[in-house]
Amino acid sequence: MDLIVARNRDDLVKARAGGEVALVPTMGALHEGHRSLIRLARARADQVVVSIFVNPLQFGPTEDFSRYPRTFDADLEMCRSEGVGVVFHPSAEDMYHPDRQVSLLSGRMGEIVEGASRPGHFDGVLTVVLKLFNLVQPHVAIFGQKDAQQLALIRRMVADLDVPVEIIGAPTVREPDGLALSSRNRYLSAADRQVALALSRALREGAAEPAPSRIRAAAQQVLDAAGPELDVDYLVLVDPATFTEVEESHTGEAVLAVAARVGGTRLIDNVTLTLNPT
Ligand code: AMP
């Protein structure tokens, strides 16, 4: 079946096929991480819709919206080779009416950790994701664990607003040396890239420890050793569902998450751990 490119909501309605639909929301500049999400979507549904939309609402005024990488032709090629049925690629004008007033508030979880560094970011994410759900009406939607707080907030939105969609979280795809794939990695110089490896190394070293204080300390030590080129924004060990810091006595899953700037590029990464009773 040929790939359909839907550039507005009318195109999208025309492209709708029968059967189960899986949505993979992206901002384009697709890489192997996105490819793994598309493959999961294909395994779960009859038709896969990939949205490619760099959402202005989720970028702060000093962030990289205008220089965010846009590689639409290559993105289409990947979608075609993975059997995607529809690529939804609307313009900002098509998505956002000039008179629009109503949007979503992500609440307390949207204001902590990543949300503390990026005020309004998760409000913008949830608003666009709910619009995409309403436009595409998917049965399932796939999101990467790479953006763990985003995934937690989308699960929260679906539960709080009774959105009729199943959310699937997909594991983070990494380079052989551990660096988590990201569309922003293309901004990194060779030297930046070496510095950036401290993020995944810190998560690995932290994950090898048994208890919260030791996990945090081991990860922090790796970040400190990376030197001044690594400008750490946060290192947290949080509950995966609420993103609040876990207590020393916490058992079960926890997310060790880190954000840092390398050169001019802000990178995030995380790993999910299971803490056993001692
Ligand atoms: P983005 O285009 O960066 O907004 O990401 C679109 C989707 O791909 C989100 O659900 C991300 O969590 C997911 N994603 C980004 N990087 C990776 C990765 N390295 N592995 C798996 N999924 C990813």
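The values are calculated or read from the model by the stated rules, or taken from the named source; none is laboratory data. Values in this document were obtained by computation on a predicted structure and should not be read as measured data. Glycine also receives a Cβ, built like all others from the backbone with ideal geometry; neighbour counts cover every protein chain displayed.
Within segment 199-228, being hydrophobic (A, V, I, L, M, F, W, C), without any contact (Cβ under 8 Å) to a residue 12 or more places away in the chain and in a loop (DSSP other than H, G, I, E, B) holds for one residue alone: A208.
Each row is one residue, and each column tells you yes or no for (1) more than 16 Å from the ligand (Cβ to nearest atom); (2) modelled with pLDDT of 95 or more; (3) farther than 17 Å from L237 by Cα; (4) over 14 Å from the mean Cα position of the chain (by Cα).
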residue	(1), (2), (3), (4)
A152	no, yes, no, no
R155	no, yes, yes, no
D162	yes, yes, yes, yes
I168	no, yes, yes, no
P171	no, yes, yes, no
A190	yes, yes, yes, yes
L199	no, yes, no, yes
L203	no, yes, no, yes
S213	yes, yes, no, yes
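When the residues of segment 208-232 are filtered to those that are among the hydrophobic types (A, V, I, L, M, F, W, C) and surrounded by 16 or more Cβ atoms within 10 Å (Cβ to Cβ), the one that is farthest from T265 (Cα to Cα) is I215. Within segment 75-107, track down each residue that is loosely packed, with under 11 Cβ neighbours inside 10 Å and not in a loop (DSSP other than H, G, I, E, B). Matches in segment 75-107: E93 only.
Of all residues being of a type outside the set (G, A, S) and surrounded by 21 or more Cβ atoms within 10 Å (Cβ to Cβ) in segment 27-45, which is farthest from Q58 (Cα to Cα)? Just the residue, please.
Result: I38.
Close contacts from segment 136-160, counting a first residue that is under 18 Å from M27 (Cα atoms) and part of a strand (DSSP E or B) and a second that is of a type in the set (G, A, S) and more than 7 Å from the ligand (Cβ to nearest atom), with Cβ to Cβ under 9 Å and a gap of 6+ residues or different chains, come to A141/A22; A141/A41; I142/A22; I142/A41; I142/G169; F143/G169; G144/G169. With the requirement that a residue be assigned to a loop (DSSP other than H, G, I, E, B) and touching a His at 6+ places or on another chain (Cβ under 7 Å), what does segment 166-198 give you? Selection gives L181 alone. Considering only segment 233-255, state which residues are assigned to a loop (DSSP other than H, G, I, E, B) and surrounded by 15 or more Cβ atoms within 10 Å (Cβ to Cβ). If the condition is that a residue be assigned to a loop (DSSP other than H, G, I, E, B) and surrounded by 15 or more Cβ atoms within 10 Å (Cβ to Cβ), then D239, P240, F243, V246, H250 are the ones that fit. Of R204, R174, all but one fail to be out of contact with any strand residue (DSSP E or B) (no Cβ under 6 Å at 6 or more places or on another chain) and more than 30 Å from H97 (Cα to Cα); the exception is R204. Looking only at residues of segment 27-59 that are in contact (Cβ under 8 Å) with a residue 40 or more places away in the chain and in a strand (DSSP E or B), we find that the one that is nearest to the ligand (Cβ to nearest atom) is S51.
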